[in-house]
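The values are calculated or read from the model by the stated rules, or taken from the named source; none is laboratory data. For clarity, every value in this text was computed on a predicted model and none was experimentally measured. When we count neighbours, we look across all protein chains shown, and the Cβ atoms used for this are built from the backbone with ideal geometry, even at glycine.
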């Protein structure tokens with residue numbers, strides 16, 4: 001299931017210099033912190049940290065070394081940088097995994113969170129002016145793109161949500177839906193208004209709140225709509241959410257409220273998870289990160 005959230009007007013991908021640099025140093029030894037997967041790689045401090053913080057407690061592989069078998073050959077992709085991967089691993093752990101632990105319990109996270117997070121350095125650009133922030137595959141894997149840009153967004157919670165965190169929560173919602181389906185009545189709330197891949201076209205990228213969709217991408221399908229509702233709700237504060245409802249107007253806010261009630265009931269009934277408590281935990285943790293109270297480069301193995 002693809003996640004496409006952001007419109008772009010132009011982009012450039014430089015592939016040939018990378019190929020040249022690989023071939024010119026093919027006889028040299030790889031740096032121990034190499035992000036290219038080879039048959040034998042010495043463990044880095046990051047590997048030991050991941051073993052202690054991802055593998056041991058959750059059986060989750062945070063795969064930061066580049067592996068073309070895990071990539072999508074339809075796009076030009078590049079490796080994620082080592083330092084950027086360290087930061088992203090901390091963000092995913094503190095803002096997502098441990099937030100679910102806090103509210104839903106560690107057994108919930110162990111049971112349902114995907115067993116692989118694979119990172120690549122660049123966004124996956126499409127030819128319609130959008131790029132892919134992440135994907136989920138069969139409940140097993142989440143791909144996160146654009147890792148190499150994470151440092152420039154660390155000081156702003158809205159940016160972190162826009163480019164990384166909402167993607168994780170959105171894709172995790174897909175995985176939960178694949179485990180236990182949401183009520184069929186959800187798609188009936190705005191059933192005749194879904195537009196598939198046309199969601200990013202002129203006339204649809206504006207006014208979506210008034211039509212009962214929390215984002216433009218939510219207009220794609222009921223599956224994406226459900227995931228957008230949950231991820232947007234828990235990643236935004238109460239005041240921001242209230243602002244969306246005010247913009248939506250009478251009709252739009254009623255439609256959005258009906259959808260949110262169904263999402264809230266689903267999470268409580270299917271997974272015994274209170275999304276209001278989950279939002280509170282995520283909001284508190286986001287403030288910690290933005291204020292610099294979380295060391296995102298610490299690789300101490302405790």
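Output yes when any residue across region 111-133 is touching a helix residue (DSSP H, G or I) at 6+ places or on another chain (Cβ under 8 Å), on the phi > 0 side of the Ramachandran plot, at pLDDT below 95 and in the same structural domain as residue 62 (by TED's automatic domain parsing), and no when none is.
Yes, some residue in region 111-133 is touching a helix residue (DSSP H, G or I) at 6+ places or on another chain (Cβ under 8 Å), on the phi > 0 side of the Ramachandran plot, at pLDDT below 95 and in the same structural domain as residue 62 (by TED's automatic domain parsing).
Regarding region 175-182, can at least one residue be identified that is part of a helix (DSSP H, G or I), touching a residue at least 24 places away in the same chain (Cβ under 8 Å) and surrounded by fewer than 16 Cβ atoms within 10 Å (Cβ to Cβ)?
For region 175-182, residues part of a helix (DSSP H, G or I), touching a residue at least 24 places away in the same chain (Cβ under 8 Å) and surrounded by fewer than 16 Cβ atoms within 10 Å (Cβ to Cβ): present.
Confirm whether residue 252 is in a helix (DSSP H, G or I) and either on the phi > 0 side of the Ramachandran plot or free of Cβ contacts under 8 Å to residues at least 12 places away in the same chain (or both).
No: the conditions fail for residue 252.
Only residues that are under 14 Å from residue 226 (Cβ atoms) and either surrounded by 12 or more Cβ atoms within 10 Å (Cβ to Cβ) or not assigned by TED's automatic domain parsing to the domain that holds residue 252 (or both): list them for region 183-209, please.
183, 186, 187, 189, 190, 194, listed by residue number.
Looking for whichever is outside any helix (DSSP H, G or I) and not assigned by TED's automatic domain parsing to the domain that holds residue 185 here; the options are 273, 300. Which one fits?
Being outside any helix (DSSP H, G or I) and not assigned by TED's automatic domain parsing to the domain that holds residue 185 holds for just one of 273, 300, which is 300.
Residue 212 passes all but one of (1) buried (at least 18 other Cβ atoms within 10 Å of the Cβ); (2) at negative phi; which number fails?
The one condition residue 212 does not meet is (2).
Out of 40, 9, 3, which single residue is within 30 Å of residue 229 (Cα to Cα), in a loop (DSSP other than H, G, I, E, B) and modelled with pLDDT under 60?
On the way: 40 fails: within 30 Å of residue 229 (Cα to Cα); 3 fails: in a loop (DSSP other than H, G, I, E, B).
On inspection, the qualifying residue turns out to be 9.
Could you please find all residues in region 205-227 being touching a strand residue (DSSP E or B) at 6+ places or on another chain (Cβ under 9 Å) and either without any contact (Cβ under 8 Å) to a residue 12 or more places away in the chain or in a helix (DSSP H, G or I) (or both)?
Within region 205-227, the subset touching a strand residue (DSSP E or B) at 6+ places or on another chain (Cβ under 9 Å) is 205, 215-217, 220, 224, 227.
Within region 205-227, 217, 224, 227 qualify.
Quick one: would you say residue 159 is surrounded by fewer than 20 Cβ atoms within 10 Å (Cβ to Cβ), modelled with pLDDT of 90 or more and within 14 Å of the chain's Cα centre (by Cα)?
yes
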